[in-house]
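Input: a single structure, listed below in structure tokens.
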Amino acid sequence: MTGRINIPDPQELLRHIAGMYQSAIRVIMEYIDNSLDDAEAFHEDRGFYPRLLEITVDVATDKREITVTDNCRA
């Protein structure tokens, strides 16, 4: 059963969620955790991930950019 949630002010909701992350490290760890969750969910029936899991974090300070990539559903 799916339900709908009415969000009267989406921008305020995003500000609230962003406020929960007080440091850049915490944000990066959340992305890494999402990769691990995806790998686990994708192969839940097997009880293990069938290949080496690769998560890469690239920090480009000159561009002020962080990129997190993984091979979870390649």
Identify, from the list ALA18, ALA39, the residue that is in a helix (DSSP H, G or I), out of contact with any helix residue (DSSP H, G or I) (no Cβ under 6 Å at 6 or more places or on another chain) and in contact (Cβ under 8 Å) with a residue 12 or more places away in the chain. ALA39
Could you list, in sequence order, all residues of the range 25-74 that are small (Gly, Ala, Ser) and either surrounded by 11 or more Cβ atoms within 10 Å (Cβ to Cβ) or under 13 Å from the mean Cα position of the chain (by Cα) (or both)? SER35, ALA39
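Computed from the coordinates by the stated procedures, all read-outs in this text should not be read as laboratory data. Here the structure is a predicted model, which is why all the values come from computation and not from measurement. Ideal geometry is used to build each Cβ from the backbone, glycine not excepted, and the neighbour counts take in all protein chains shown.
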